[in-house]
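The numbers here are math on the coordinates, done by the rules we state, and not lab data. Just so we're clear, the structure is a prediction, and the values are computed from it rather than from any experiment. Heads up, the Cβs are rebuilt from the backbone with ideal geometry, glycines too, and the neighbour counts pull from every protein chain shown.
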Amino acid sequence: MLAWVIRFMVLSIVVSMVRVVIGPTVADRMIGLNLVAAQTLALLVLISVSMERSIYLDVALVYDIFGFVGILVMTRYFSGKKGEL
Amino acid sequence: MDLRTRWALVRFGITFLSLFAGWLLFTWSLDSGSLLAGGVSSLAVSLVTYPIFVEETEAGRRAHLPRPHMFLLFLAALVFSMYVASFRVLWRILRGDINPRVVHFRTRLKTDIARVVLTSSITLTPGTITLDLDDDHLVVHWLDAQTTHSRYAGMLIKGAYEKLLRGVWL
Amino acid sequence: MNVGAAVFLGLGVLFSIMGNVGVLVFPDPYTRLQASSTCTTTSVLSFFIGCMFIVGWGPMLGRLLVITLFFFVTSPISAHIIARFAWKSGVVPWRKSFAMKRHAERRDD
């Protein structure tokens, strides 16, 4: 069952990349990226649980931190250039 | 030893205990080597960061000594209402009828961390997202708005959370 | 693999599908953010709870608790950051009455 959930999550990440590609505004693309980051975190945790390696959970935690910092940096960068969007 | 030094020691202790609890939870072992490494590294980190972690003012004292049993009750209520509201949003997505509005209201919570936790729990509950928090004035985007009257909308959105959070942080 | 794990993994899959559908069909950034942040947060939390049921008492439970706690803190804050960015950069929220009025005007022409 866990293997099928992992396959479903990969498919779901691919589907949510559609909003990153077609999004009309910058906020839409950031919403898509946030969605992809959250689902990738769930995918990493599921993979590490199915392989029963606790060391892989460290990768998931660091990925979570960097996804959060990435969203923060992107908003700081784009809020400076309001007229160019 | 005057009052300021004693308060600095207490702040240092709070920071050290939080870091060490995180270390224990993350390594999940009681080896002497692991405990020694965690103790030394959290001592070093808390020496540098304790003025940031707990502020020196009165607000810092109020913010970091909460009532833990009330906080656990709040977390349980939050997770339960997350699931209930998720099913409601799921039904809205399936039927496709939404009535989004932006409502403004005020909160009566006093400390900063209580306001931030209120904002986060409003965002975490499906159906509402906090757009802006200015002092005690919240701007909230509401997916199925029943009213735009400020006090009534505030009562519907933040009602139970604010009552529970006043028990935790004042 | 026990019953609790199966129930929570199924809930996670259901909310994940609905979050993706909501992001694709909703009309403006705020409503898309509602669907994405909230349904996906609930789905990821369900996956974590299901994983906790699977691994049981042991060293993996501590790390799962740390990851869940961190996700519980960062997920609403990143949603709030995106919403605040959209609000400050002047994206106009979609309203039901606007769409219906525009539809009526077009019918009058």
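Tabulated results
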read-out: Along principal axes, Cα extents of segment B:3-56, largest first, whole Å; value: 37, 15, 15
read-out: Ellipsoid semi-axes in whole angstrom, largest first, where each is sqrt(5λ) of the Cα gyration tensor of the protein assembly as shown; value: 36, 27, 19
read-out: Length gained when the stretch residue B:94-residue B:57 is fully extended (0.36 nm per residue, less Cα-Cα span); value: 8.3 nm
read-out: Cα radius of gyration and Dmax for chain B (Å); value: 20.4, 67
read-out: Local electrostatic count, residue C:60, Cβ distance below 10 Å [Lys/Arg +1, Asp/Glu -1]; value: +1
read-out: Volume per residue that the Cα convex hull of segment C:3-108 spans, once the total is divided by residue count, Å³; value: 100
read-out: Segment B:84-155 versus segment A:45-84: alpha-carbon centroid distance in Å; value: 26
read-out: Inter-label distance for residue A:72 and residue A:3, nm, one decimal - labels placed 7 Å from Cα along Cα-to-Cβ; value: 4.0
read-out: Rounded tilt (10° steps) of B:112-124 against the dominant C-alpha axis of chain B; value: 50
read-out: Value at 222 nm in deg cm²/dmol, rounded to 500, when DSSP H runs of n ≥ 4 in chain C each add -39,500 (n - 2.57); value: -27000 deg cm²/dmol
read-out: Exposed-loop-free span, longest in chain C, where chymotrypsin sites (Phe, Trp or Tyr not before Pro) count as exposed if DSSP calls them loop and at most 16 other C-beta atoms lie within 10 Å; value: C:1-56
read-out: Degrees, to the nearest 10: B:68-95 long Cα axis against longest axis of chain B; value: 30
read-out: Mean residue ellipticity (222 nm) of chain A, computed from DSSP H runs ≥ 4 via -39,500 (n - 2.57), nearest 500; value: -29000 deg cm²/dmol
